[in-house]
Amino acid sequence: MRILVAPDKFAGTLTAVEAADAIAEGWRRTAPDDDVVTVPMADGGPGFVDVLHSCLGGELLAATVRGPLGEPAPATFLLVGKTAYVESAQACGLALLPPGPDGRLPEPGAAQRASTYGVGELVAHAVDAGATRVVVGLGGSGTNDGGAGLVAALGAVSAPDGALTGGPQALAELTELDLEAARKRTAGVELVAATDVDNPLLGLRGATNVFGPQKGIVDDGDRLAADAALTRLADLADRRLADHKGAGAAGGLGYGLLLLGGRRELGFSTVADAVGLPALVAGADLVITGEGKLDWQSMSGKVVSGLAGLAGPALCPCIAMAGAVQVGNRELRANGIEAAYAMVDIVGTEESFGRPRESLAAVAERVARTWSR
């Protein structure tokens, strides 16, 4: 059999590359004669650059940029020919914010001060390296500034000075905005926002109200103030673009890219096209995907649903392995997934978190007894 192994990361425990290798290792223990091909996947969030580098090769270039709260942040971007791939989470990720008292959410108020300036610096580095197409993976952000920091790093100016670089807290004071220099800086460069999120910038389905709580903006009043700050930005920049799909991705970083003439692509599709995934699926007898927690979000635009969507028309069964499975069999099959296997159910919670690679390999070894010929 030809087995295609294409998982997302198992957040907090395994990268997509590590997960793919673990599944392949376990599968081969049971079925050593199967042809197992690993293609780690991502949808634009953390791991975006590493996954593409593992599949495409290219040159990884290092840069030190401004983190979300102004501290130096080491980052890399991938250059493949004239295309650069940038992972926004490396410059403005949730993991870069100081933890709050409970360790689960960021420090209160941090997201209101956090900036995407470092993402703009990464885009500038990519352009200076010769890229004429820059794909920015959006996901896992700790910011909510509407991409104001991004455009500032590329040359946009404001009144008062600094209103673009201090998060929504500073945007509340914004009175004037000039994007001309930023647009000149990226003239002739194709900008792509790679995201699985289709939320607009503002309102009930916007960046602040939907994603703000996971960044520590939990108080109703704080969310109202942050959304008002983004509204001020949109009124001075381009209110029409605020309603576009993906404008609210990564705390509105998608909107910043749209302001510079960028366009949105599904993060999964970006990676799938880059690695030639449709052809690999068509040539497989079985597709295996997975992620840390398989839940309702996995069924909409994520790697798991994307793989299932490719496998169905190819008449190839698709199964999933995950740390935990929170979706019923009926919903799984309705979304093209024949079966899902949870590490916590098979090897236990303690083993799954304590030895994730070994646990995932053990699950794959067991699943191969059912699915391999």
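Read the figures in this text as sums done on the coordinates, not as results from a lab. No experiment lies behind these values; they were computed from the predicted model shown. Ideal geometry is used to build each Cβ from the backbone, glycine not excepted, and the neighbour counts take in all protein chains shown.
Brief remarks follow.
- Separation of alpha-carbon centers, region 261-323 and region 127-160, rounded to whole Å: 28
- From least to most packed, judged by other beta carbons within 10 angstrom and beginning with the fewest, THR175, THR270, THR143 follow the order THR175, THR270, THR143.
- Expected 222 nm ellipticity per residue - DSSP helices of 4 or more, -39500 (n - 2.57), all of the chain, to 500: -11000 deg cm²/dmol
- Summing charges over neighbours of GLU358, with a neighbour being any other residue whose Cβ is under 15 Å away from its Cβ, gives -1 when K and R count +1 and D and E count -1.
- Shape of region 224-322, Cα gyration tensor, a/c cut at 1.5: prolate
- J(HN,Hα) series, region 353-360, from Karplus relation 6.51 cos²θ - 1.76 cosθ + 1.60, nearest Hz, glycine and proline x: 7, x, 9, x, 5, 5, 5, 5
- With respect to the chain, whose longest principal axis is taken over its alpha-carbon atoms, helix 117-128 is tilted by about 80°.
- For region 48-265, the Cα-based Rg and Dmax, in that order, read 15.7, 47 Å.
- Amide hydrogen proximity for THR38: with H placed 1.01 Å from N in the peptide plane, the residues at 5 or more positions away or on another chain lying under 5 Å are VAL5.
- Relative to the longest principal axis of the Cα atoms of the chain, the long axis of helix 249-259 lies at roughly 60 degrees.
- Fewest-first ranking of LYS245, LYS215, using other Cβ atoms within 10 Å as the exposure measure: LYS245, LYS215
- Of the residues ASP295, ASP102, ASP219, the one that moves most in a GNM of the chain with alpha-carbon contacts below 10 Å is ASP102.
- Mean Cα-pair separation over length for the chain, i.e. relative contact order, pairs under 8 Å, 6 or more apart, %: 19
- Gyration tensor (alpha-carbon) shape descriptor, region 160-311, a/c threshold 1.5: oblate
- Percent of beta bridges antiparallel (DSSP, the chain, rounded to nearest 5): 35
- Within region 48-265, percent of DSSP bridges classed antiparallel, to nearest 5: 55
- Charged side chains reduced to their Cβ positions (Lys and Arg at +1, Asp and Glu at -1) give the chain a dipole of some 540 debye around its Cα centre.
- For region 48-265, the relative contact order comes to 20 percent (Cα pairs under 8 Å, sequence separation of at least 6).
- Over 32 Å (Cα to Cα) - which of LYS9/LYS245; LYS184/LYS293; LYS82/LYS245; LYS82/LYS293 fall in this group: LYS184/LYS293; LYS82/LYS293
- Residues whose placed amide H lies under 5 Å from that of SER141, excluding near-sequence neighbours: LEU94
- Residue exposure sequence - THR64, THR186 - by fewest surrounding Cβ within 10 Å: THR64, THR186
- Inter-centroid distance (Cα atoms) of region 236-260 relative to region 1-66, Å: 31
- Build a GNM of the chain with springs between Cα atoms under 10 Å apart, and of ARG66, ARG240, ARG333 the one that fluctuates most is ARG240.
- Gyration tensor (alpha-carbon) shape descriptor, the chain, a/c threshold 1.5: prolate
- For the chain, built as a Gaussian network whose Cα springs stay under 10 Å, the top-fluctuating residue of VAL49, VAL192, VAL344: VAL344
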